[in-house]
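Notes follow the structure.
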Amino acid sequence: MKKTREEVMADVLDLFRQLADDWEYSGEIMPKTLLFTDIGLRSLDVVVLAVSIQEHYGRVLPFADLFAAMGQHGVQDISMGEWVDFVYEHLNETLVLSAVEGSGAAR
């Protein structure tokens, strides 16, 4: 079942809230909120969030590609909106590929 961007945002925010106690962040999360600068996450924290998202959806998403692209472009931070866009894009891409593969159309 394909998820809307709003559903993905709600899922990601819910997962974030579950983990937020460990990160000691109590501010409001907006699409422009930066994970490193505003929230104060560290690289390991972002990996934990990524793993939580993958476990929630039961799918592997290419977070390594996202991190590599950030490094190659010298990007030091990512907003919650960008993070959600990435999850939304790749989650729905994965769902479409799974549906095609499952139907035998790719054989």
Checklist entry - Can we say S98 is under 15 Å from the mean Cα position of the chain (by Cα) and either in a helix (DSSP H, G or I) or at pLDDT below 85 (or both)? => result no
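Is it the case that the stretch 33-43 has a residue that's touching a strand residue (DSSP E or B) at 6+ places or on another chain (Cβ under 6 Å) and touching a residue at least 24 places away in the same chain (Cβ under 8 Å)?
Just the residues of the stretch 33-43 that are touching a strand residue (DSSP E or B) at 6+ places or on another chain (Cβ under 6 Å), to begin with: 34.
Filter again for touching a residue at least 24 places away in the same chain (Cβ under 8 Å), leaving 34.
Scanning the stretch 33-43 turns up at least one residue that is touching a strand residue (DSSP E or B) at 6+ places or on another chain (Cβ under 6 Å) and touching a residue at least 24 places away in the same chain (Cβ under 8 Å).
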Checklist outcome for this item: Of (1) outside any helix (DSSP H, G or I); (2) in contact (Cβ under 8 Å) with a residue 12 or more places away in the chain, E28 fails just (2)
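The values are calculated or read from the model by the stated rules, or taken from the named source; none is laboratory data. Predicted model, so just to flag it, every value in this text is computed and none were measured. Glycine gets a Cβ as well: all are built from the backbone with ideal geometry, and neighbour counts include every protein chain shown.
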